Each structure stands twice: as C-alpha cells, then as structure tokens.
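Working notes for the structure below.
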Amino acid sequence: MSNGQDFEGKERERKIRRKVFYLTFATLTLISGGFLIWKLSILILPIIVGCLLAFVFRPVKDRFRVRWLPHEVQVLCSFAAIGVVLFFAFNTLRKHIPDEQQKLEFKVRLQYKLNARYRQLVAKSPEKKSNAVTPLIEKEVGPLMDRVNQALALDPKERDLFLKYAAGYNGKPPIQSKFVDYFWANQRTGKYVIPEKIPISPAPAGAPVGE
C-alpha cells in the first residue's frame, strides 16, 4: 500500500514539474518574442523594404521592355515605378511601427500583465489554503520573474519620459489612465525572492578586536 502511495506521489510530482516547465517555457517565449520585436523594430522596415524590392523589381524589369527605348532608360523607369510603390508602402508601414510613446506603453503593459498573471498562479484560496503546485511555482518561477522585472523596468530617463507622455507631451494626447495605473503598480512591485541573510555570530568575549 505504501509503495502504491509513493508511486502516486512521485507521479503527481512529475506532473507538477512538467506543468511548471511548460509554464516557464511559455513565459520565456512570450518575453523573448516581445523583447526581440521591440529591439528589432528599427530593422524591420529595411528588411521589409529589401524583400519588397527583390520581389517587385524582377517582374517589373522583365515586363518593362521597349525595343526602341535604351536599356538605361528602361532601368530608370523600372526604378521610378518601384519608387512609387515603395513610397506608398512606406507610408502604410510607418503607421504600424511603434513610436517612443508606444514602446514605453508596451513595456509597462507587458510587465504589469506578467506580474498579474504570476500573482494569480501563486494566490491562495479564500480559505487561506495553497495547493501543492504553489510552492513549486514560487521556487522555480519566482527568480525568473525577478529577472523579467529587472529587464522590463523603466530606467529613470524612461520613467520621466513616460510621466511626460502621461500628462500630454510632444503634441500628443495624454496616455490612457489604465497605462498610468499599470505604471504605478509596476513601481510598487518588489522582489519575489528575498535573499536569506547570513547570521553573523558575535565575536567571543575577550577576543582581540584588532591590532
């Protein structure tokens, strides 16, 4: 009977560890994807333009053939046609590239949502009881959340800039109040893992303090 209980206990622990692993992997994937998009937003437009240029230029060059027109003029006309297409494409894409304010809002919202989700996972029931998964989540995911908060936290310059945008800055309307609430909630977020203090044993009586 005890062997069966031990086996069930080990199987339950493996399932819990598997769930924690999948949760940690999904969180890391979400954070990495958002961070890469935010960091590489400057490179996205040139990549899109290069792909569009390679895709559009060859068909236009092959179809734009006039026997009596010199080859150089044909190439110039092809570039002119591509330039018109790229002009409208650039104006369209520019509207979807986040500006400085939107990047700050994205970081604030992402940090707030991740912390809110984590608190839901480790929250105790109304009866003040926690399930068996909660201590394992706090042990495995707590340090990860501290590193995530450190990476997403706004530096002093970004905080000042966010507060300026919150009041209306650079000709833009004020930031929505919910993002301002997210910002202040993030400022109140502390560390989930508090390092243990190593007790310092008092020096034995009569020991020399120094020479």
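Every read-out reported here was derived from the displayed coordinates using simple, explicitly stated rules and does not represent laboratory data. Since the model is a prediction, treat every value here as computed from it, not as a measurement. In this analysis, Cβ positions are derived from the backbone assuming ideal geometry, glycine residues included, and neighbour counts consider all displayed protein chains.
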**Relative packing of peptides 179-192, 16-29 - highest average C-beta neighbours within 10 Å first** = 179-192, 16-29
**Asked** Could you give the nm distance between label points at residue 97 and residue 169, where each point is 7 Å from its Cα heading toward the beta carbon?
**Response** 2.1 nm
**Request:** Calculate, for residue 47 and residue 134, the FRET efficiency according to 1/(1 + (r/R0)^6) with r their C-beta to C-beta distance and R0 45 Å; round to the nearest 0.05.
**Result:** 0.55
